Amino acid sequence: MKHLYTRSIFFLLLLVAVACSGTKEITDGPTAYKLKKYALATRLLKADFEKAEGTEKAELAWQIATSYAAIGKPGAAAEWYKNAMELGVPRDAPFAYGKMLMADGQYEKAKRVFIDIQKAEPYRRVEMREWIAACEQAKEWLAKEQLTTVTNLSTINSGAADFALTRFSNDEWVFVSSRPDATGEEADQWTGRPFYDVYIAERNATTQFSDIRGFDDMVNGPYNDGPVAFNPSYTEMVFTRCGSDDMMVNDYCQLYYSRRAPEGGWSEPEVLVLFEDSVNIGQPTWGQDENTILFAAVEPQGYGGSDLYYSVRTFEGWSPAINLGKPVNTSGDETFPSIGKDGTLYFSSDGHPGIGGLDLFAAPKREKNRWNAPVNLGYPINSNGDDFGLTVLPLSEEDQIAFEIKGYLSSSRPGGKGLDDIYYFEQRKPPAEYFLTVTIEEKQLAEPNNPSAEVIGYQPIAGAQLVISSNERNDTVYVDTAGQYLTEVPANTDFTLYASNGPDYFSTSKTTTTKGYNALPGETVTVEIEIVLDRIFKEQEIVIPNIYYDFNDWAIRPDAADVLDSTIYKLLVDNPNIVI
C-alpha cells in the first residue's frame, strides 16, 4: 500500500501547495480538503457525508476518496471511489477506482472494472486494453521467479520518509528525509510531521551508510527542501523548495540554483524562472552534459497532471521549459526523472499502465532530448506501492557480464522501515538460452526418377515428423511449412533426433548436443541441424559409391566399412522393417 509522503510530495506538484506553517481552526471537511489537510479531511468529510444528500453527497464521496489516495491508503480510496461512482459523480470515478484497486494489489477486481469501462465507453477500448493487460502482467510478474533482488537500506532509512538518494561524491550521497531533526520549528500541516530536508551520508559499502547529517544550511530552510540534483562535476546544483510563512497564500514549488564556492559551501540559491506564469516545479535531474536539466511540472498546457520538461542553458540563461512530449508524457502523472550513463531516461508514472501506484519506467534515448517509448521495469523494482526516485549505478566490466542494471530506488512498498524508504536493487542477466533449430528436407535430383542422379539442391518437407529425445525429454513434433522446428533446450545435454515422413521416405536419425558452449548470461545459442530424408524409389537400383576391396580379397576394407556403417547399417537401424 502507498504511504503518506510519496503522495503528499506528488500532490505538491499536482496541486497548488498551501503554506504549511501556522495554525487555524478547521471544523468542516470541504475547507480541510481545499487546504490539502487530507488526514483531517477524511475524518471531517465522512461526518459531512452522512448529513448530505444528492449531488453534494457524490461530491463529498469523491473528495474523501481523493483524500485517502493523497495520504497513501488505496484500499480506503478504492471504497470511496466506488461510492462516488455509484452516486453518479461527474468525474472518471470508475477509472480512479480501478487504479486504486491496482495500487491495493487487487488486480483481478481492477481488471473487471477496466473491462466494464471498455464496454460502457467503446472509444476507450484501446486505452482500457492496456490497463487490462497491465493487470495480467502484474499477476504474471508476481508469480514468476525473479532475477532482481531489492534490499532495504536499513542503515539510512528512518521511521519517517526517506527517498531520492543521489551521488554527491564517491563516498558521499544525499537524500531527502522528514526525520525528526529536520530544520524548521513548525510541523507540515499536510502530514503532521517535520518538513523535508536534504541530508548527506557516508557510503561505506553498497548497502551500508553512516554519519548521516544535514546537507547545507543554504539548502535546508524552514519548509520543504529537496530533492536535489548535481551537475556531472558536482560544482552546481538545482533543488526543489516549497513553502512560506503566510498560511493563506498559495505557494508554488520552485527550482533553485546554487553554485559551489571554491572555499567550500554553496552560494545563495536563486530561483530559476522557467515558465511565464506561476507553475509547480520540482524533482530536478541533470542531463548528460553541464547545460541541460530535466524536471517535473504541472503546466495547464501540458498533457495532463504532471509532465516532464527540460531546459537548456544558453548565454542568456536557462531556456523556457520544453515539454518532453509523447511517448514519455501522458494524461496521467510523470515524475522524478533521472538519466542513465547511456542517456536512458528513467522516471515514474501512473499514466503508463503498471503494477499500481507510481511505477518506474525506462525510455531509451533516440536523439537529443527525445526518447523512445518507455518500458516498465517490472517487478520487484516496481510494486503496487509508489516506486520512484531511481538512481542507476555504473557497472564495472565484470558486472556488465552478469548484471543488467544496479542502483537505488525509493518506494512506499509494504515491509519498509518508515513511510517511504530507500532500497538497493540489482537485476541479473538471465542465464544463457539454448535453442535447437531442426530443418527436414529432401534432395532435388537432376533426374527426378533416378535415385543415383546428381543432387542439384534441397527442398523442405512440410509437416514431417520429428522425435527429440534426451535424458529429460522425448517429444514428438511436426515441422512447419518451411520444414523447420524451433524449440528451447537445456544446456550441457545430448540429443537424438529422429525424422520421418510416412511410407514414401526412409526415416533417419542424427545426434547433436549443447555441451561445450560457454555462453555468457543473457546470450542466446542456437544449434542448427539439417536432416535429409531420402525418398523411396520402388524397383530402382541405388548405387552406394566407395565400397572397395583389396585385390583378390573378399574382406571389406576399413574405409569401405565406414561407408557401409554410415549408409546401409544406419538405414537398417533407422528403418527396422526394411530388408536388403
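The values are calculated or read from the model by the stated rules, or taken from the named source; none is laboratory data. On a predicted model such as this, the values are computed, not experimentally measured, just so you know. So basically every Cβ, Gly included, is an ideal-geometry build from the backbone, and we count neighbours across all protein chains shown.
Details
- Taken across the stretch 25-40, residues that are of a type in the set (Lys, Arg), modelled with pLDDT of 85 or more and not assigned by TED's automatic domain parsing to the domain that holds residue 333 do not occur at all.
- Pairs where the first residue, in the stretch 366-380, is closer than 27 Å to residue 149 by Cβ and the second is of a type in the set (Asp, Glu), C-beta under 7 Å, 6+ apart: 376/359
- Matching option when the condition is in a loop (DSSP other than H, G, I, E, B) and either surrounded by fewer than 19 Cβ atoms within 10 Å (Cβ to Cβ) or acidic (Asp, Glu) (or both), among 91, 43, 125, 129: 91
- Selected residue (criterion: farthest from the chain's Cα centre (by Cα)) from residues of the stretch 302-318 that are touching a residue at least 12 places away in the same chain (Cβ under 8 Å) and assigned to a loop (DSSP other than H, G, I, E, B): 302
- Residue match in the stretch 417-437 (condition: surrounded by 16 or more Cβ atoms within 10 Å (Cβ to Cβ), over 21 Å from residue 149 (Cα atoms) and over 36 Å from the mean Cα position of the chain (by Cα)): no
- Subset of the stretch 385-405 (residues that are without any contact (Cβ under 8 Å) to a residue 40 or more places away in the chain and surrounded by fewer than 18 Cβ atoms within 10 Å (Cβ to Cβ)): 395, 396, 397, 398, 399, 400
- Of all residues in the stretch 201-233, those that are in contact (Cβ under 8 Å) with a residue 40 or more places away in the chain, surrounded by fewer than 17 Cβ atoms within 10 Å (Cβ to Cβ) and part of a strand (DSSP E or B) total 2.
- Scan of the stretch 374-405 for residues that are over 12 Å from the mean Cα position of the chain (by Cα) and either under 15 Å from residue 164 (Cα atoms) or among the hydrophobic types (A, V, I, L, M, F, W, C) (or both), ordered by number: 386, 389, 391, 392, 393, 395, 401, 402, 403
- Taken as a whole, the condition of being closer than 23 Å to residue 392 by Cβ, in a loop (DSSP other than H, G, I, E, B) and not basic (Lys, Arg) does not apply to residue 296.
- Extreme residue, modelled with the lowest pLDDT, among residues of the stretch 545-561 that are surrounded by 12 or more Cβ atoms within 10 Å (Cβ to Cβ) and part of a helix (DSSP H, G or I): 560
- Identification of strands (runs of 3 or more DSSP E) wholly contained in the stretch 406-514 with 2 or more residues that are touching a helix residue (DSSP H, G or I) at 6+ places or on another chain (Cβ under 8 Å) yields 508-513.
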